[in-house]
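In what follows, a structure is listed as structure tokens, so that the remarks can point back to it.
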Amino acid sequence: MNEDEAQNLYLTFELGKEHFAVKISSVREVLEYESFTRVPRMPRDMKGIINIRGAVIPVINVALRIGLLESEKTKDSRIVLLDLNYEGESLVIGMLSDKVNEVIDIQPNEIEPPPTLGNRVKEGFVEGVGKKGEKFILILNIEKLFFSARQERE
């Protein structure tokens with residue numbers, strides 16, 4: 001697969017009853033849900049840290065970060081490890097999801113701008129809306145999702 005084809009691939013997942021996607025190029029791996037170590041005085045959406053092959057990885061509850069309700073852990077719950085770049089620094093962040101579905105191809109002409117009214121997801125975190133069958137899939141802007149909140153706290 002060449003780089004142009006990979007640009008249109010998205011990992012789809014669920015938070016509650018909503019369907020979301022992130023670019024596959026940002027996904028390092030998908031892990032079974034495991035317990036994590038809580039860190040005192042962290043924001044409510046930061047659930048803790050995990051040890052992956054000797055690296056300490058923060059785990060974020062994306063549902064809370066984007067303004068949805070927190071879900072209970074199930075057998076389908078997963079941690080999606082994302083490779084991100086913040087001010088030239090490579091970071092790995094774990095993202096909780098209720099269920100990981102599949103990798104799908106969404107062409108740019110199949111992505112609509114995010115709605116401005118009635119969107120339950122905090123403004124700016126959704127970069128577009130794709131469609132698969134009858135389901136709408138909200139495509140997250142993971143840089144804004146993780147770093148706009150970080151910049152607000154600094």
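The values are calculated or read from the model by the stated rules, or taken from the named source; none is laboratory data. All values reported here derive from a predicted model rather than from experimental measurement. Don't worry about glycine lacking a Cβ; one is built from the backbone with ideal geometry, like all the others, and counts go over all protein chains shown.
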Any hit, the stretch 126-136, residues being closer than 14 Å to VAL22 by Cα, surrounded by 18 or more Cβ atoms within 10 Å (Cβ to Cβ), at pLDDT below 90 and touching a Phe, Trp or Tyr at 6+ places or on another chain (Cβ under 9 Å):
yes
From the set of residues in the stretch 99-115 that are assigned to a loop (DSSP other than H, G, I, E, B) and either without any contact (Cβ under 8 Å) to a residue 24 or more places away in the chain or under 11 Å from the mean Cα position of the chain (by Cα) (or both), which is surrounded by the fewest Cβ atoms within 10 Å (Cβ to Cβ)?
PRO113
Scan GLU14, GLU72, GLU89, GLU18 and give me the residue that is within 18 Å of LEU145 (Cβ to Cβ) and free of Cβ contacts under 8 Å to residues at least 24 places away in the same chain.
GLU89
Within the stretch 55-66, does at least one residue satisfy the condition of being touching a Leu at 6+ places or on another chain (Cβ under 6 Å), modelled with pLDDT of 95 or more and either among the β-branched types (Val, Ile, Thr) or surrounded by 18 or more Cβ atoms within 10 Å (Cβ to Cβ) (or both)?
no
Going by what's in this entry, would LYS73 be described as outside any loop (DSSP other than H, G, I, E, B) and either out of contact with any Ser or Thr (no Cβ under 8 Å at 6 or more places or on another chain) or under 14 Å from PHE13 (Cα atoms) (or both)?
no
